[in-house]
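One structure is given below, encoded as C-alpha cells.
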Amino acid sequence: MVTTHAAPRAQVLLASNRGPVSYALKDDGSLEPKRGGGGLVSGLSAIGSDVESVWVCAALGEGDREAVRRGVGEHGVRMLDIDAEVFSDAYNGIANSVLWFVQHMLYQTPLEPVFDAEFRRQWASYEAYNRAFAQALAAEAGDGARVLVQDYHLALVPGMLRELRPDLRIGHFSHTPWAPVDYFRMLPDDIARQLLRGMLGADRLGFLTRRWASAFMASVAGVLPAGEGELFGAAEGESGRCFFRHAPAGSLPARDTDIAVHSLGADGDFLRRRSHEPDVEERMAALREQIGAGRKTIVRVDRTELSKNIVRGLLAYRHLLEEHPEWRERVVHVAFAYPSRQDLAVYREYTEEVARVAADINSSYGTESWTPVVLHVQDDFARSLAAYRLADVALVNPVRDGMNLVAKEVPVVSDAGCVLVLSREAGAYEELGEDALVVNPYDVTGTASALYAALSMGEGERGERTKRLAAAGTALPPRAWFLGQLEALAP
Ligand code: G6P
C-alpha cells in the first residue's frame, strides 16, 4: 500500500470510501482534482482547518491511483491504493449492490437477492478492503486518538480497528437508513452477525434519525445471540441514552457501545452566498429560457439513484398533466438526474429509463412553445442552485433515504418560496414533515395530488411554510453535526 503523505500521528481521523477530492487523468497525462460530492463529504468537509486531522479514503479510479503513485495529494488526506479488483468487489459488489440494497429495501423478487458463491467471493474482498482501512487508521492514529468511520462501506472497520488499537476512541456513522429487522435478516446469518459485530466494535454508533437508530437496535436484538450483550434505552423515545452493553468475553471486559442520533442539516450561510454568485445567475438566465415566461416550476435534483424514485416522480407529473389539463403549458418539471454508480448495470438501465419516460412525456404533451420536462444529466452544482432559486415546488420523493439534503436546501435558496413535496420515507421527514406536503413514494396518483395542491397553494401559506422549512433545515449545519460527534467521542 502506498500513501500520499507521511502524516504525523493524528489525534482526529476520518475514514470514508469517497474522500474530499478525486483526480481525473487527462489525455495529456495531467491530473485534474475534483471536489467530492454528497451529504457525507459535505458533512465531513465542515471539519475546517482548525481541527488537525487525517482523512483516510479509497482511490476510486485510475486518476486517484495515479495520484497516489505520483505522490500528489492534499494535506491531511491519505488515499489508499487498494487492488482494483478487490475495490470493485467491495464497492460495486458488496457495498452498493448488497448493503445499499438491503438498507434501502430495493430488492425485487423473484430474482434478488441471491447470496451465492460469487457473493461469498466478493465478501472476502469487502473484508480485505475494510482491513486495509483499519490497518491504515491504526498506523496513522496517535495514542487515544478519536476515529470517525463513515457508512456501510466500512462497517467492519470499527471491530478490526479495536483489535489492532484498543486505546482508540472509535465512532461509526451511518448515512443510510437502516432496514427493518425482517428485511435486514435476508442477509445470510453469519454475514448479518459479522456486520453488526463489526459496527459494535465502535464506542459510539451514529444514525441520522431516531427511526434508523431504532431499526438498528431491532436488528441487534433479532440477529445477535442473547449472550453477547444487552440493549438499554429506546432510540424512538425521548428517554436519554441508548447503548449496547457487551458481555465480558474471555480476556475482554464488559464495555458499552452508545447508539446516538445526529441529524445533518444544510449549510444556510454557504448556500445563500453561493447561490448569488455570477455563474448561478448565468445559469438561471439559461433555465428561464428553457422554462418560458410565466410558468411554474417543479424542481428535483438527485443522483440517478434507484432509491430516489425519479421514475415514479415523472409518472406523477404525467398524471397531473392528464388529470388537470388546465396546468398544461403553465408548468415545467425541471429534473436534474446526475449519473451515479455507472459501473452497475441496474443503474445504467435506470438512467435510460429516466430519459425514456421524460422523453415520452414530452412527446405526449409537449407543444411547439412548451417542453413539459426539462431533464439535465450533466452534474453542475451552479445549475442545481439556479434551479433551486427558480423552484415553486420541490419534489423529493425517495422510496427510502438516510436524510436527503435537497429537501433542506431548496427552501433556503428559492427566491419566491417553494412548496416541498416530501416522501415520508426520507430521513428529512422527521424534521420537515409538518411543513411539507407529505407523500407515500409508491403512490403515484397521491404524489400527483400533492403536486397539484403544491402548485395551487396561495402565496401567503407558501411563504410561511418556506420560512419554517428553511429554519428547520439549517438548524443543524454540517459543522454542528461533525463537532457533536467528535465531542461525544472525547475520552
Ligand atoms: C450516499 C452514501 C454516501 C455516498 C453517496 C454517493 O449518500 O451514504 O456514502 O458517498 O451516496 O455515492 P457514491 O457511490 O457515489 O460514493
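Every number in this text was worked out from the coordinates using simple rules, so none of it is lab data. Only a predicted model underlies this, so the values are computations on that prediction, with no experimental measurement involved. Neighbour counts run over all protein chains shown; Cβ positions are idealised from the backbone, glycine included.
Antiparallel DSSP bridges in the chain: what percent, to the nearest 5?
Taking every DSSP beta bridge with both residues in the chain, the antiparallel ones total about 25 percent.
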With Cα atoms, 0 to 90° folded angle of helix 381-390 axis to the chain main axis: 50
Restricting the stretch 190-244 to GluC sites (Glu not before Pro) in coil, as DSSP defines it, with at most 10 other Cβ within 10 Å: E238
Hey, what does the equivalent ellipsoid look like for the stretch 121-217, semi-axes from the Cα gyration tensor as sqrt of 5 times each eigenvalue, largest first, whole Å? 23, 17, 10
What is the angle, in °, between the Cα long axis of helix 310-323 and the longest principal axis of the Cα atoms in the chain? Nearest 10 is fine, range 0 to 90. 20
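Using the Cα gyration tensor of the stretch 268-473, with a ≥ b ≥ c the square roots of its eigenvalues, what is the shape: rounded (a/c below 1.5), prolate (a/b larger than b/c) or oblate (neither)? Write out the running numbers ahead of the final one.
Values: a/c = 1.15, a/b = 1.11, b/c = 1.04.
Since a/c stays below 1.5, the shape of the stretch 268-473 is classed as rounded.
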Give, in whole angstrom and from largest to smallest, the semi-axes √(5λ) of the equivalent ellipsoid of the stretch 164-292, with λ running over the eigenvalues of the Cα gyration tensor. 41, 18, 14
So how compact is the chain: Cα radius of gyration and Dmax in angstrom? 22.9, 77
Nearest-ten-degree value, helix 117-140 long axis tilted from longest Cα axis of the chain: 70
Fraction of beta bridges assigned by DSSP in the stretch 268-473 that are antiparallel (%, nearest 5): 5
K308: which lysines have alpha carbons under 26 Å from its alpha carbon, excluding same-chain residues fewer than 8 sequence positions away? K34, K296, K408, K467
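Counting other C-beta atoms within 10 Å, and keeping those with at most 12, which DSSP coil GluC sites (Glu not before Pro) do you find in the stretch 408-491?
Sparse-neighbourhood loop GluC sites (Glu not before Pro): E434.
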Charge context of A249, other residues only, Cβ under 15 angstrom, K/R +1, D/E -1: +1
Rough spin-label spacing in nm, given labels placed 7 Å along Cα→Cβ, for D167 and T367: 7.5
Provide the FRET efficiency to the nearest 0.05 for the Q11-A480 pair, computing r from the beta carbons and using R0 = 25 Å. 0.75
Would you tally the net charge around L385, using a Cβ to Cβ cut-off of less than 13 Å, leaving L385 out, and scoring K and R as +1, D and E as -1? -3
Write out the GluC sites (Glu not before Pro) in the stretch 44-117 meeting two conditions: DSSP loop, and at most 14 other Cβ atoms within 10 Å of their Cβ. E52
CD proxy, 222 nm, the chain: helix-only mean residue ellipticity via -39,500 (n - 2.57) per DSSP H run with n ≥ 4, per residue, nearest 500, stands at -12500 deg cm²/dmol
